[in-house]
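Just so it is clear, none of the values below were taken in a lab; they were calculated from the coordinates. These numbers come from a predicted model, not from an experiment. Ideal geometry is used to build each Cβ from the backbone, glycine not excepted, and the neighbour counts take in all protein chains shown.
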Amino acid sequence: MALKWLGGGKPDHPLADEKGAKEVLSALPPNDPAKAIQEIRDLVESVLGTVGFKGERRGEVILLLDDTAQAHQRKLTRDYLSNPRLPKFQEARMWGALFGLWKDLASAYAACLMQFALDPGSVGKLKAQMPLFCVRAVRAVAAQLKWHYMHYEQGDAAVWQALGKVYRFAEEKKLHREMVTVYAGVPVTSSAEREFMKALMLAASSPDCLMPLDIELAERVVAHFSAAFLISNTHQSQATYNWVDLASGVPPKRLTQTPPASPSLRFFAAGGAIAQLDNMIKVVQSGAVPADLNLGGTYEPEKVLTVLQHLKLYWAATPPVRKNDRYSVKHRLTVVNSFEGILGRLKGGADAAAAAESWVTENISAGGIGATLEKAQGDWLRIGKLVGLSVEGGSGACSVGMVRRCSRLPQQQSSVGIRTFAKESFAVMIGGREDQDALLLNDGRALKEEALICQREGAFDKRASPTLAFEGHTYLLIPVEVSVTGDDFELARYKVMQQS
């Protein structure tokens, strides 16, 4: 496409001059960000496909369309993240608009950089803005990856190849460390190298273990510390412990052994950001969120702390170690999801049986299960979802756990990591001011000094001591704390006192 642009005359396009561009962009719908983004995407496509644009004007228009899109994409992103239980069609529309915008902008910036490389004279007065083109090109590809993570996808080889290609272009032109203001009116400066490091460090932070809002917060924390990250063309002993090949189209990896030598290898780590992260964790643990940490909104310290501690775990020089050994085991599992689904399964409900899915275990440990599944029924599969697991042909016991990791694989398969809470679960009734259905999670039928009770979200009351009837006995439950919260449930610890 870039070859067809060389030379150029006067293009037949409404954005060919400033007056036309102003009229077109002023007509974008101000209160429908998804529609506005779609119209901007159509304009980006038409600008790339119209013959006659000079390189300088084409570049100006792409910058203008990107600038115009930002308010709309910020609004749509807020709407998406503040509504985690959107209907499937609405979620798909919003996700598609945001992912598609960044994909189109990345293609547009890459095409402009190609044209400038093939015809240096076409750059014109934009020569001084070449560092900005590189920054925005890397940033747009990185944003595609983030939206892949929102759907628990790693990003395909084409996206990682595009990221490596635009960053290497910036390196070759010696523009990768030039700091620029990314968007007018937004007090953020960055460089192509810094944007590249943000993409690498977010990928290295195991986003497949985070819920969408936590991914957004993690990205913003990564941006906050990006100046302290370390990247090098060669491995630095005791300093760099991740690597990426700019030409491979593969996500970054932990440095467990030396990769084959290549000029496209880059080695990286959190560097000085680890100490800065530790200091921030101490501040947040005291009950305050630093004023200079831009999270795009106001969040409780507990929410922020969870994300910070997750990042600390994956930025460390030594990767996280499993608490329990895992063993490769192949079993077929019958799986139901949600508090209500598990309750229905334990009570023998026909609806729960009809909604059950079949998964295959890959490995098991004392506290978890790794499994693969074909495409899930519906759109329920996400981090924090409660699941009930029974081995097909086994005893019939239903183990309850929570989705902690999810990665969508090719051919519509998914790889899932489940944290299990107990070997068995029982449908029980908790007595109090009002009787409530609950799940008793226990290894067998003999209760110990403490009981794990899974309840509907918001049901736990620290001031109330409900009763439990189980196996012919009545128990008083003394509330201790909520230890786990998830998509539609909370898991609470109670001290147990037998009454009869």
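Counting other beta carbons within 10 Å of each residue's own, what order do LEU386, LEU381 fall into, fewest first? List each step's numbers first, then the result.
Details: LEU386 24, LEU381 20.
The order, fewest Cβ neighbours first, is LEU381, LEU386.
For the range 17-30, take each phi angle, set θ = phi - 60°, evaluate the Karplus expression 6.51 cos²θ - 1.76 cosθ + 1.60, and give the result in whole Hz per residue in order, putting x for glycine and proline.
Each residue's phi maps through the Karplus curve to give 10, 5, 4, x, 5, 4, 5, 5, 6, 5, 8, 5, x, x Hz.
Rounded to the nearest 500, what is the 222 nm mean residue ellipticity of the chain from helices alone, with -39500 (n - 2.57) per DSSP H run of 4+ residues and division by all residues?
Details: 13 runs with 193 residues, N = 500.
Calculated from helices alone, the mean residue ellipticity at 222 nm is -12500 deg cm²/dmol.
Between GLU471 and SER328, what FRET efficiency follows from the Cβ-Cβ distance if R0 is 25 Å, with the result rounded to 0.05?
It comes out at approximately 0.10.
State to the nearest 20 debye the size of the charge dipole of the range 327-422 about its Cα centre, where the only charges are +1 on K and R beta carbons and -1 on D and E beta carbons.
Details: 11 positive and 7 negative charges, 55 e Å.
That gives a dipole near 260 debye.
For LEU308, LEU175, what's the fewest-to-most ordering of other Cβ within 10 Å of each Cβ? Please list the in-between numbers first.
Details: LEU308 22, LEU175 19.
Lowest count first: LEU175, LEU308.
In terms of the Cα gyration tensor, with a ≥ b ≥ c the square roots of its eigenvalues, is the range 425-498 rounded because a/c is under 1.5, prolate because a/b exceeds b/c, or oblate? Mind showing how you got there, number by number?
Details: a/c = 1.45, a/b = 1.26, b/c = 1.15.
Here the range 425-498 falls in the rounded category.
Taking 0.36 nm per residue of separation and subtracting the Cα-Cα distance, what length does fully extending ASP435 through VAL482 add?
Numbers: separation 47, 0.36 × 47 = 16.92 nm, distance 1.92 nm.
This chain segment gains 15.0 nm when fully extended.
Could I have the simple spin-label model distance between MET179 and LYS22, label points 7 Å from Cα toward Cβ, reported in nm to one decimal?
With each label point 7 Å from Cα toward Cβ, the separation is 3.4 nm.
Applying a 10 Å radius around every beta-carbon, put 190-202, 213-225, 249-261 in order of their mean neighbour count, most first. Please list the in-between numbers first.
Numbers: 190-202: 25.6, 213-225: 21.4, 249-261: 12.1.
With the highest mean Cβ count within 10 Å placed first, the list reads 190-202, 213-225, 249-261.
Enumerate the lysines that LYS10 could reach by cross-link, defined here as Cα to Cα under 22 Å, with residues fewer than 8 away along the same chain left out.
Counting by Cα, and skipping residues close in sequence, LYS10 has these lysines nearby: LYS19, LYS22, LYS54, LYS125, LYS127.
Can you sort GLU362, GLU471 from fewest to most other Cβ atoms within 10 Å of each residue's own Cβ? Intermediate values should be presented prior to the final figure.
Details: GLU362 17, GLU471 9.
The most exposed by this proxy come first: GLU471, GLU362.
For the chain, calculate the relative contact order in percent as a whole number, restricting contacts to Cα pairs under 8 Å that are 6 or more residues apart. Kindly include the intermediate steps, with their values, before the conclusion.
Values: 886 pairs, mean separation 40.7, N = 500.
RCO, the chain: 8 percent.
Convert each backbone phi in the range 277-288 into a coupling constant with the Karplus relation 6.51 cos²θ - 1.76 cosθ + 1.60 (shift: θ = phi - 60°), then list the ³J(HN,Hα) values in order as whole Hz, x for Gly and Pro.
5, 4, 5, 5, 4, 4, 5, 5, 4, 7, x, 10
Would you grab the residues whose amide H sits under 5 Å from the one on ALA422? Only those 5+ places off in sequence or on another chain, please, with H modelled 1.01 Å from N.
Under 5 Å from the amide H of ALA422: VAL400.
Between the alpha-carbon centers of the range 66-142 and the range 291-340, tell me the distance in whole angstrom.
About 29 Å separates the Cα centre of the range 66-142 from the one of the range 291-340.
Could you give each residue of the range 345-350 its phi-based ³J(HN,Hα) in whole Hz, using Karplus coefficients 6.51, -1.76, 1.60 with θ = phi - 60°, and x for Gly or Pro?
Computed from phi, the couplings for the range 345-350 are 4, 6, 8, x, x, 5 Hz.
Note down the magnitude of the dipole of the chain about its Cα centre, charges +1 on Lys and Arg C-beta and -1 on Asp and Glu C-beta and zero elsewhere, to the nearest 20 debye. Present the calculation step by step, with values, prior to reporting the outcome.
On the way: 58 positive and 54 negative charges, 207 e Å.
Its charge dipole is roughly 1000 debye.
Amide H to amide H, which residues 5 or more places from PHE489 or on other chains are under 5 Å from it, using H placed in the peptide plane?
Under 5 Å from the amide H of PHE489: GLU457.
What ranking, highest mean first, results for peptides 61-72, 159-170, 89-100 when packing means the other Cβ atoms within 10 Å averaged over each residue? Present the calculation step by step, with values, prior to reporting the outcome.
Working: 61-72: 20.1, 159-170: 22.6, 89-100: 16.5.
In decreasing order of mean packing, 61-72, 159-170, 89-100 become 159-170, 61-72, 89-100.
Rounded, prolate or oblate: which fits the range 26-100 when a ≥ b ≥ c are the square roots of the eigenvalues of the alpha-carbon gyration tensor, with rounded for a/c under 1.5 and prolate only if a/b beats b/c?
Details: a/c = 2.89, a/b = 2.30, b/c = 1.26.
Prolate, since a/c reaches 1.5 and a/b exceeds b/c.
Going by average Cβ neighbours within 10 Å, how do the peptides 296-304, 343-351, 101-109 rank, with the highest at the top? Mind showing how you got there, number by number?
Details: 296-304: 13.2, 343-351: 15.4, 101-109: 23.1.
The densest-packed peptide leads the list: 101-109, 343-351, 296-304.
Which whole-angstrom value gives the distance between the alpha carbon centres of the range 396-445 and the range 156-224?
The range 396-445 and the range 156-224 have Cα centres separated by 37 Å.
Run a plain Debye calculation on the chain (Cα atoms as equal point scatterers, no solvent) and give log10 I(q)/I(0) at q = 0.12 Å⁻¹, rounded to two decimals, same order as the q list.
Here the Debye-derived log intensity ratios amount to -1.15.
Straight-line reach only, C-alpha to C-alpha below 20 angstrom: list the aspartates and glutamates that LYS423 could link to, leaving out same-chain residues fewer than 8 apart.
ASP325, GLU340, GLU357, GLU362, GLU392, ASP437, ASP443, GLU449, GLU450, GLU471, GLU490
Please compute the length gained on full extension between GLN238 and TYR299, using 0.36 nm multiplied by the number of residues separating them and subtracting their Cα-Cα distance. Please list the in-between numbers first.
Values: separation 61, 0.36 × 61 = 21.96 nm, distance 3.53 nm.
Full extension of this stretch gives 18.4 nm more.
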